[in-house]
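Step one of this worksheet: look at the structure below.
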Amino acid sequence: MKAFLLQIFTWWNGQTVGTRFFTWRKGERVGADQFGNTYYRSRGGAVDPTLGHERRWVIYKGEADASMIPPGWHGWMHHRTNVAPPQETYTPRDWELAHEGNQTGSVNAYRPDGSILAGQQATGKGDYQAWTP
């Protein structure tokens with residue numbers, strides 16, 4: 001019952017009732033990523049006359065955060081490629097890092113040297129001359 005009420009009243013927790021109904025009527029599951037997000041397209045690859053191409057969408061597992069779409073799925077979602085990641089054989093290079101979502105606002109956010117949030121203040125190096133009129 002709680003999940004159903006969340007689908008009615010929130011859009012940031014997965015899918016709404018409208019999205020569930022639209023997906024059931026017109027969607028075709030393409031695959032899922034390592035984060036549990038599920039990807040869909042228009043049933044049969046039907047071209048939407050208003051868009052000029054097939055419709056593609058994602059149903060997030062948990063909070064709707066677009067930065068949690070891995071690069072391969074991002075390319076497919078934005079019509080950069082017509083081959084979905086499950087249909088291709090891609091092996092990452094040994095120097096490639098695993099995908100991470102946007103860490104801004106979390107404890108894992110990037111904090112450069114001298115940042116107050118990093119717990120330190122910038123140290124003067126003597127290379128700065130204040131301007132005086």
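The values are calculated or read from the model by the stated rules, or taken from the named source; none is laboratory data. In this text the structure is predicted, and so the values were computed from the model without any measurement. Counting neighbours? That spans all protein chains shown, and the Cβs are built from the backbone with ideal geometry, glycine included.
Have a look at 47, 30 and point out the one that is farther than 25 Å from residue 98 by Cα, modelled with pLDDT of 85 or more and among the hydrophobic types (A, V, I, L, M, F, W, C).
Numbers: 30 fails: farther than 25 Å from residue 98 by Cα.
After applying the criteria, what remains is 47.
Is it the case that the stretch 93-111 has a residue that's surrounded by 10 or more Cβ atoms within 10 Å (Cβ to Cβ), of a type in the set (Gly, Ala, Ser) and farther than 27 Å from residue 40 by Cβ? Steps first, answer last, please.
Taking the stretch 93-111 and keeping what is surrounded by 10 or more Cβ atoms within 10 Å (Cβ to Cβ), we get 99-103, 108-109, 111.
When the remaining residues are screened for being of a type in the set (Gly, Ala, Ser), the result is 101, 109.
Now narrow it down to the ones that are farther than 27 Å from residue 40 by Cβ: 109.
Looking for residues that are surrounded by 10 or more Cβ atoms within 10 Å (Cβ to Cβ), of a type in the set (Gly, Ala, Ser) and farther than 27 Å from residue 40 by Cβ, one finds at least one in the stretch 93-111, hence yes.
Reported count of residues in the stretch 59-70, each being over 9 Å from the mean Cα position of the chain (by Cα) and farther than 17 Å from residue 25 by Cβ, is 3. Scanning the stretch 37-58 for residues that are over 21 Å from the mean Cα position of the chain (by Cα) and hydroxyl-bearing (Ser, Thr, Tyr) turns up just one, 50. Among the residues of the stretch 50-76, the one identified as at pLDDT 90 or above and either touching a Leu at 6+ places or on another chain (Cβ under 6 Å) or acidic (Asp, Glu) (or both) is 54. Residues that are of a type outside the set (Val, Ile, Thr), closer than 25 Å to residue 19 by Cβ and out of contact with any Cys (no Cβ under 9 Å at 6 or more places or on another chain) do occur in the stretch 101-120, at least one of them.
So is residue 81 exposed (fewer than 10 other Cβ atoms within 10 Å of the Cβ), over 30 Å from residue 5 (Cβ atoms) and among the hydroxyl-bearing types (Ser, Thr, Tyr) or not?
Numbers: exposed (fewer than 10 other Cβ atoms within 10 Å of the Cβ): no; over 30 Å from residue 5 (Cβ atoms): yes; among the hydroxyl-bearing types (Ser, Thr, Tyr): yes.
The answer is no for residue 81.
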